[in-house]
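Colleague: Dumping the structure here so I can ask a few things about it.
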Number of protein chains: 2
Amino acid sequence: MDLPIRLAKDSKTPIYHQIEEQVKALIAGGHLQAGTALPSIRALSKELEISVITTRRAYLNLEQQGFIKTTQGKGTFVAEVEADKKKEVTVAAIYQALEKGIETGLRHDYSIEQIEEVFTEIIAKLKEKGEKANGELD
Amino acid sequence: MDLPIRLAKDSKTPIYHQIEEQVKALIAGGHLQAGTALPSIRALSKELEISVITTRRAYLNLEQQGFIKTTQGKGTFVAEVEADKKKEVTVAAIYQALEKGIETGLRHDYSIEQIEEVFTEIIAKLKEKGEKANGELD
DNA sequence: TATACTGTGTATATAGATATAAACAGTATA
DNA sequence: TATACTGTTTATATCTATATACACAGTATA
């Protein structure tokens, strides 16, 4: 099973953290159901072309946060996560991410209207590509 | 002179990079005019309660990118930056930041409409606080 | 039972980020 | 000229992130 995860190589964000965030989003958003088997740390490290230590770090953190459950010899599975928690994680993540985007605009001295314009433009491009369905941007 | 810079301590982004991005935004957005003196690396390190090495790293990178100009013994000043470059930096930064926010929403299985809702909510809060004027979010 | 997978632990190594400190060289002012 | 600032260089140190490798223990299947 391949996870739809992409690493931004030019990003200053640690790799393990990128993995963590993306897996969390998939779980909170319902793409990954409780009980679903995740790729092994070795498989994921091969797929993403990174070290096992790094994938392990991501999985460890996710397990500590209650999103996954790991058993030696068996593998790693999506945990049961309360709907409330999923909702909370989702809302917080999206709110913060959008807030950050808006803040970037303001910091560049863009007006709210200008920021809205850019936002609308991106959304328009999305609709044009029908990207709602596959859920990703380039 | 105090720079309106804030470090996100819980962020995984390196400190020097946070400084870099924020100073770049201030310059590109016109908040900092060419010739303006920036705080010395020592003053900034004191203000932000970080190491001189870290502030220097940020300033070095900004200088390499042509945003500032540094002279031993005199200090560091905002460089002349072409309007085209400023515009490009601004548009790219805002576009990418908003795009990332939208992507976060999609990854959490939010529809475009839902994402728009959150965006609108944030903007409404902004307008409510009259934050357009001071240009920052909490 | 052997093999192939799984996670866990350990080791070594390198690069990056950041801290503190000291010294040197340049600038500005009293 | 002394002092206070400026940036530059160097050194030492610690922590984090990541890489590679190996061995151990657990699971599943042929």
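Bear in mind these aren't lab numbers, they're just calculated from the coordinates by the rules spelled out. The shown structure was predicted, so the numbers you read here are calculated from the model rather than taken from an experiment. Note that we place each Cβ from the backbone using ideal geometry, even for glycine, and neighbour counts take in every protein chain shown.
Colleague: What is the mean number of Cβ atoms from other protein chains located within 10 Å of the Cβ atom of each residue in peptide B:111-121, rounded to a whole number?
Modeller: Other-chain Cβ atoms within 10 Å of each residue's Cβ, averaged: 4.
Colleague: If you fit an axis through the alpha-carbon atoms of helix B:52-64 and take the longest principal axis of the Cα set of chain B, what angle between them do you get, 0 to 90°, nearest 10?
Modeller: Helix B:52-64 and the main axis of chain B meet at about 80 degrees.
Colleague: Once you have a ≥ b ≥ c as the square roots of the Cα gyration tensor eigenvalues for region A:3-138, tell me rounded if a/c is under 1.5, and otherwise prolate or oblate according to whether a/b is larger than b/c.
Modeller: Numbers: a/c = 2.09, a/b = 1.84, b/c = 1.14.
Verdict is prolate for region A:3-138.
Colleague: Starting from the Cα of B:Thr120, step 7 Å along the direction of its Cβ; do the same at B:Ala92; then give the gap between the two resulting points in nm.
Modeller: Here the answer is 3.3 nm between the modelled labels.
Colleague: What residue of chain B has the nearest C-beta to the axis that moves B onto A, and what is that distance in Å, given as a whole number?
Modeller: B:Gly101, 2
Colleague: Okay, moving on. Figure the gain on full extension for B:Ser111 and B:Asp2 (residue separation times 0.36 nm, minus the Cα-Cα span) and round it to one decimal in nm.
Modeller: Difference between extended and current length: 35.1 nm.
Colleague: Reachable lysines from B:Lys9, Cα under 23 Å, same-chain residues fewer than 8 places away excluded?
Modeller: In chain and number order, the partners are A:Lys9, A:Lys12, A:Lys24, A:Lys100, B:Lys24, B:Lys46, B:Lys100.
Colleague: Residues with amide H under 5 Å of A:Ile68's amide H, sequence separation 5 or more or different chain, H placed in the peptide plane at 1.01 Å from N; which?
Modeller: The list, which skips near neighbours in sequence, is A:Glu63, A:Ala79.
Colleague: Between A:Gln64 and A:Ser51, what is the label-to-label distance in nm when each label sits 7 Å out along the Cα-to-Cβ direction?
Modeller: 1.8
Colleague: Output the relative contact order of region B:7-131, whole-number percent, from Cα pairs under 8 angstrom with separation of 6+ residues.
Modeller: Taking the mean separation of contacting Cα pairs over the length of region B:7-131, I get 23 percent.
Colleague: Considering only the label points, 7 Å along Cα→Cβ from Cα, what distances in nm to one decimal separate B:Ser111 from the same position in each other copy, shortest first?
Modeller: Relative to the other copies, B:Ser111 has label-point distances of 3.2 nm.
Colleague: When a/c reaches 1.5 or more, the comparison of a/b and b/c decides; with that in mind, is region A:83-129 rounded, prolate or oblate per its Cα gyration tensor? Write down the numbers at each step before the final one.
Modeller: Details: a/c = 3.97, a/b = 1.45, b/c = 2.73.
Since a/c reaches 1.5 but b/c is at least a/b, the shape of region A:83-129 is classed as oblate.
Colleague: Let me ask another. State to the nearest 20 debye the size of the charge dipole of region A:15-78 about its Cα centre, where the only charges are +1 on K and R beta carbons and -1 on D and E beta carbons.
Modeller: With Lys and Arg at +1 and Asp and Glu at -1, about 220 debye.
Colleague: Per 0.36 nm of contour for each residue apart, how much would the distance between A:Phe77 and A:Ala43 grow if the chain were fully extended, relative to their Cα-Cα spacing? Can you show the working numbers first?
Modeller: Details: separation 34, 0.36 × 34 = 12.24 nm, distance 1.41 nm.
The A:Phe77-A:Ala43 span can extend by a further 10.8 nm.
Colleague: Shifting gears a bit: Explain nothing, just the number: dipole magnitude of chain A about its Cα centre with +1 on each Lys and Arg Cβ and -1 on each Asp and Glu Cβ, in debye rounded to the nearest 20.
Modeller: For chain A, the charge dipole is close to 760 debye.
Colleague: Take the alpha carbon gyration tensor of region A:63-111, find the square roots of its eigenvalues, order them as a ≥ b ≥ c, and report rounded if a/c is under 1.5; if not, report prolate when a/b exceeds b/c, else oblate.
Modeller: Prolate is the answer for region A:63-111, as a/c is 1.5 or above and a/b outweighs b/c.
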